[in-house]
Amino acid sequence: MVKSRIAVDMDEVIADSISRFQEWYGTDFEITITREQLHGRKMRDIIAPEHRPALREYPNRPGFFKDLPLIADSQRVLREMAQRHELFIATAAMEFPNSFVDKYNWLKQHFDFIPWRNIVFCGDKSILNADYLIDDNAFNFDGFRGEGLLFDAPHNAHETRYRRVHSWQEIGEMFL
């Protein structure tokens, strides 16, 4: 049996980074941002312009990626998928160099069944040699030779060019 190669993004696919942005922004500016407010928009588009530099800086701060909550069912489904498919975590960490250690440690804590050799810190995901890429940002499918599966997130609500998956349960039904 030939195993499919499946690359999986980290932020907003298996790790809930939106909650960290909401948490830190709420602490810094005493303003609550809801997921409903984010529907079809990015956080930077709904906050005051003078707050945008702080928002851009959050992922560069030590600890931002350290203890992010898991996306529901991601751990369970990926553990099962790892028995039938070749899995890779492909995270665009090059944009946030301070994130490497926190992201790696988070992955080892929550996804210890994925070998270190299958963790790819990259910039341009078109270099990936996989059958599928599960990602929340459609631009990561540009140049990717496999099939892009758009993981549902508030900021991509209006994206229609790619096959959308709404949950890890749905992904499990596709691959298991």
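The values are calculated or read from the model by the stated rules, or taken from the named source; none is laboratory data. Computed from a predicted structure; not experimentally measured. Because the Cβ atoms are built from the backbone with ideal geometry, glycine has one as well, and the counts that use them run over all protein chains shown. Quick note on the areas: whole protein, heavy atoms, side chains included, nothing else; ligands and nucleic acids left out. Shrake-Rupley method; radii C 1.70, N 1.55, O 1.52, S 1.80 Å.
Any idea which of (1) small (Gly, Ala, Ser); (2) modelled with pLDDT of 95 or more; (3) within 30 Å of residue 173 (Cα to Cα) is the one residue 92 doesn't satisfy?
(2)
Checking the conditions here, which among 129, 140, 118 is loosely packed, with under 12 Cβ neighbours inside 10 Å, in contact (Cβ under 8 Å) with a residue 12 or more places away in the chain and within 20 Å of residue 4 (Cα to Cα)?
From the options 129, 140, 118, the qualifying one is 129.
Are there helices (runs of 4 or more DSSP H) fully within the range 1-96 with at least 3 residues that are open to solvent by less than 20 Å² (accessible area, probe 1.4 Å) and touching a residue at least 60 places away in the same chain (Cβ under 8 Å)? List them.
74-81
Looking at the range 143-154 only, could you name the residues that are out of contact with any helix residue (DSSP H, G or I) (no Cβ under 6 Å at 6 or more places or on another chain), surrounded by fewer than 19 Cβ atoms within 10 Å (Cβ to Cβ) and not in a loop (DSSP other than H, G, I, E, B)?
147
I'd like to check something: does the range 12-22 contain any residue that is small (Gly, Ala, Ser), under 14 Å from the mean Cα position of the chain (by Cα), closer than 27 Å to residue 127 by Cβ and modelled with pLDDT of 95 or more?
Scanning the range 12-22, I find at least one residue that is small (Gly, Ala, Ser), under 14 Å from the mean Cα position of the chain (by Cα), closer than 27 Å to residue 127 by Cβ and modelled with pLDDT of 95 or more, so the answer is yes.
Within the range 97-111, is even one residue assigned to a loop (DSSP other than H, G, I, E, B), surrounded by fewer than 15 Cβ atoms within 10 Å (Cβ to Cβ) and not hydrophobic (A, V, I, L, M, F, W, C)?
No, every residue in the range 97-111 fails to be assigned to a loop (DSSP other than H, G, I, E, B), surrounded by fewer than 15 Cβ atoms within 10 Å (Cβ to Cβ) and not hydrophobic (A, V, I, L, M, F, W, C).
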